[in-house]
Amino acid sequence: MKKKLIGIFFCILLIATVVSQVSACTGFMINEDESILVGHNKDWWITDAYINVYPPSEGKHGRLFFEIPYPITIDTSYYVLAGGINDQGLFYESFVTPELKVSFEPFKPPLFKHPAPYLMETYSTVAEVVEYIESHNLYFMNLLLSTGQIFVVDKNGDSAIIEGDDIIYREGNYQVCTNFLHSHPELGGYPCWRYKTVVNMLENMTDPSVEYCREILNASHQDGYTQYSTICDLNNGILYLHHFHDYKNYIEINLTKEFNLGVHSYYLPSLFEPINNQPPEKPDNPIGPISGKIKTEYLYETNTIDPDNDYNQIYYKWDFGDGTQSYWILNKEPYFGKNLHTWKKTGNYEVRVKARDIYGSESEWSDPLTVAMPKNKIINSFLPFLEGFMGRFPILEQIL
């Protein structure tokens, strides 16, 4: 199983363009007629997600965590703890937001690591979580806390959005959380169409049911990026799990039974993989420049098809022959893949690519495209001239 880290619970430190496009998660809670329901869409650009379950033990509550990939330069298999629920009916989820620095409070004990695992294994209510956060100096967590918020709900019907120093409590019979700061909406992300959609549906709600939660999640999802969705019935300890914005099919998880199974994990996409699912076909050979200059960015493209036609959504991983590989990339065009790369050293490199479907089933690697980063500056100066002849004289391409 891939390396999974649970020390971080905010999906943070994203490139601004990525944040605005694919980290746009949506969450809401309903407290009506003694029914406490929580709905959530996790929007992300990579299909992988794991469910990790830890049973209750001495001094610790049972808890179920969702962990998602967060590739970083030094570790492309890095995972973050994105959300979870414990056996006391305490739910939390993380959301990316604009930056909001946490203040320094010298008379409070400092936090040097994220408290999410501790909160979920120790506490039962929103009030306890808020008290713990407010009683600590969060300044040393600014690098991580300043661009995220968490949404916490308990089975008593209390809920709150924690934005560093600011706590936003539920008013009325519902609360909604997306990716702007309720305490400082002027910092960005507002107005938010998903927030407005969910609020409008909740204001006009006549049936506070699991099925209506599905309708809300469907109305606020993002095609290609809503990797999974959950609806939690906190009173009854039931979790309804959906995959890849398919709201007709779901898995019902009884949390009490799950915690009695001991420590275990699930690769989330595989729970929904159809019988006899086939991986995408071997991608076409990469197309792009076969020579160039170091420290210059070049575009490479490919295509493939999925025999099962899984929503026309195919993810690509690129290997550029210099010891670097991309994470799994979804391109908006069906079956089409592309990526940019810059080589730092001269030499000959083989560019390969492979594909995977939304269930994690992978193709084989494509045949390689050999790319030369020549050492000779004179050759580099003639490259634009020579490349114009390559289409007419294939033998020239082989020589180069």
### Task
Starting from residues that are among the β-branched types (Val, Ile, Thr) and in contact with a helix residue (DSSP H, G or I) (Cβ under 7 Å, 6 or more places away or on another chain), keep the ones in the stretch 86-127 and report whichever is farthest from THR226 (Cα to Cα).
VAL102
### Message
So in the stretch 361-382, with the set limited to residues that are at pLDDT 90 or above and in a loop (DSSP other than H, G, I, E, B), which one is nearest to the chain's Cα centre (by Cα)?
### Response
SER361
### Task
Among the residues of the stretch 168-183, write down those that are modelled with pLDDT of 95 or more and either part of a strand (DSSP E or B) or among the basic types (Lys, Arg) (or both).
ILE168, TYR169, ARG170, TYR174, GLN175, VAL176, CYS177
### Query
GLU163 versus (1) closer than 30 Å to GLU273 by Cβ; (2) surrounded by 15 or more Cβ atoms within 10 Å (Cβ to Cβ): which is the lone unmet condition?
(1)
### Query
PRO289 is checked against (1) in a helix (DSSP H, G or I); (2) not assigned by TED's automatic domain parsing to the domain that holds HIS40 and fails just one. What number does that condition carry?
(1)
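Residue-wise test of (1) farther than 21 Å from SER361 by Cβ; (2) without any contact (Cβ under 8 Å) to a residue 24 or more places away in the chain; (3) within 20 Å of the chain's Cα centre (by Cα); (4) assigned by TED's automatic domain parsing to the domain that holds MET373.
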residue	(1), (2), (3), (4)
THR230	yes, no, yes, no
LEU234	yes, no, no, no
LEU255	yes, no, no, no
LEU261	yes, no, no, no
SER265	no, no, yes, no
LEU268	no, no, yes, no
GLU281	no, no, no, no
## Note on the structure
Among residues of the stretch 259-274 being touching a Gly at 6+ places or on another chain (Cβ under 7 Å) and of a type outside the set (S, T, N, Q), the residue surrounded by the most Cβ atoms within 10 Å (Cβ to Cβ) is PRO269
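Could you tell me whether LYS354 is surrounded by fewer than 17 Cβ atoms within 10 Å (Cβ to Cβ) and not β-branched (Val, Ile, Thr)?
No, not satisfied.
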### Task
Could you check how many residues of the stretch 307-343 are under 22 Å from TYR78 (Cβ atoms) and part of a loop (DSSP other than H, G, I, E, B)?
7
#### Entry: Selection status of ILE251, of a type in the set (A, V, I, L, M, F, W, C), touching a helix residue (DSSP H, G or I) at 6+ places or on another chain (Cβ under 7 Å) and on the phi < 0 side of the Ramachandran plot
yes
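Restricting to the stretch 236-249, what's the tally of residues that are without any contact (Cβ under 8 Å) to a residue 24 or more places away in the chain and closer than 23 Å to ASP306 by Cβ?
2
Would you check if there is a residue in the stretch 307-317 being outside the structural domain of TYR247 (by TED's automatic domain parsing) and more than 24 Å from PRO69 (Cβ to Cβ)?
yes
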### Task
Scan (1) touching a Gly at 6+ places or on another chain (Cβ under 7 Å); (2) at pLDDT below 95; (3) among the polar types (S, T, N, Q) for the single condition THR256 breaks and write down its number.
(2)
### Query
Restricting attention to the stretch 127-159, and to residues there that are in contact with a Lys or Arg (Cβ under 9 Å, 6 or more places away or on another chain), free of Cβ contacts under 8 Å to residues at least 40 places away in the same chain and part of a helix (DSSP H, G or I), which single residue is farthest from GLY59 (Cα to Cα)?
TYR139
### Query
List, please: which pairs have Cβ atoms under 7 Å, are six or more places apart or on different chains, and start with a residue in the stretch 89-113 that is under 18 Å from ILE161 (Cβ atoms) and end with one that is modelled with pLDDT of 90 or more and aromatic (Phe, Trp, Tyr)?
LEU90/TYR123; TYR92/PHE151; GLU93/PHE151; PHE95/PHE151; THR97/PHE180
### Message
I want to confirm something. Restricting to the stretch 168-197 and keeping residues that are over 21 Å from ILE238 (Cβ atoms) and touching a helix residue (DSSP H, G or I) at 6+ places or on another chain (Cβ under 6 Å), which single residue is surrounded by the fewest Cβ atoms within 10 Å (Cβ to Cβ)?
### Response
THR197
### Query
Out of all the residues in the stretch 102-126, which are surrounded by 13 or more Cβ atoms within 10 Å (Cβ to Cβ), part of a loop (DSSP other than H, G, I, E, B) and modelled with pLDDT under 95?
VAL102, GLU105, LYS108, LEU111, HIS114, PRO115
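The values are calculated or read from the model by the stated rules, or taken from the named source; none is laboratory data. Every value quoted in this text rests on a predicted model; they were computed, and no experiment measured them. With ideal geometry, Cβ positions are generated from the backbone for all residues, glycine too; neighbour counts draw on all protein chains shown.
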